[in-house]
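What follows is a set of notes on a single structure, which appears directly below.
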Amino acid sequence: MNNVNHNCVSVSDLREDVVIESSAIEREIILENFPNKKNGFLVVAKVIEG
């Protein structure tokens, strides 16, 4: 039997990572919503799946 994963993409199909600067108000909102930090990263308290 041939096991083929149909839920995958080729590496060449992935988009290039592009850094986009957020505005000051966007950064403020994000930092207010995620005030905790660990090792320089914002900490998400809980992930909710829909």
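The values are calculated or read from the model by the stated rules, or taken from the named source; none is laboratory data. These numbers come from a predicted model, not from an experiment. Cβ coordinates were reconstructed from backbone atoms using ideal geometry, including for glycine residues, and neighbour counts include every protein chain displayed. The area values use the complete protein model at the heavy-atom level, side chains included, leaving out ligands, DNA and RNA. Shrake-Rupley method; radii C 1.70, N 1.55, O 1.52, S 1.80 Å.
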Check: What's the local net charge at Ser22, with K and R +1, D and E -1, over the other residues with C-beta under 14 Å away?
Finding: -3
Next item on the list: Give the shape of the chain as rounded, prolate or oblate, defined through the alpha-carbon gyration tensor: a ≥ b ≥ c are the square roots of its eigenvalues, a/c under 1.5 means rounded, and otherwise the shape is prolate if a/b is larger than b/c and oblate if not.
Entry: prolate
Notebook entry, point to check: How much solvent-accessible surface does Leu14 expose, in Å² to the nearest 10, with a 1.4 Å probe and all protein chains in place?
Noted result: 110 Å²
Notebook entry, point to check: What's the carbon and sulfur percent of the chain's accessible surface, probe 1.4 angstrom, rounded to a whole number?
Noted result: 54 percent
Notebook entry, point to check: Counting other Cβ atoms within 10 Å, which trypsin sites (Lys or Arg not before Pro) in the chain have at most 15 and lie in a DSSP loop?
Noted result: Arg15, Lys46
Item checked: Residue-level accessible surface for Ser10, protein heavy atoms, 1.4 Å, Å² -> 60 Å²
Item checked: Sparsely packed GluC sites (Glu not before Pro) within the chain, loop by DSSP, other Cβ within 10 Å at most 12 -> Glu16, Glu21, Glu49
Checklist line | Structure-based [θ]222 nm, the chain - -39500 (n - 2.57) summed over DSSP H runs of at least 4, per residue, nearest 500 | finding: -6000 deg cm²/dmol
Note to self: Net charge around Val44, counting only other residues with Cβ within less than 12 Å of its Cβ (Lys, Arg = +1; Asp, Glu = -1)?
What the structure shows: +3
Next item on the list: Could you state the angle between the C-alpha long axis of helix 24-33 and the longest principal axis of the C-alpha atoms of the chain, as a value from 0 to 90 degrees rounded to the nearest 10?
Entry: 80 degrees
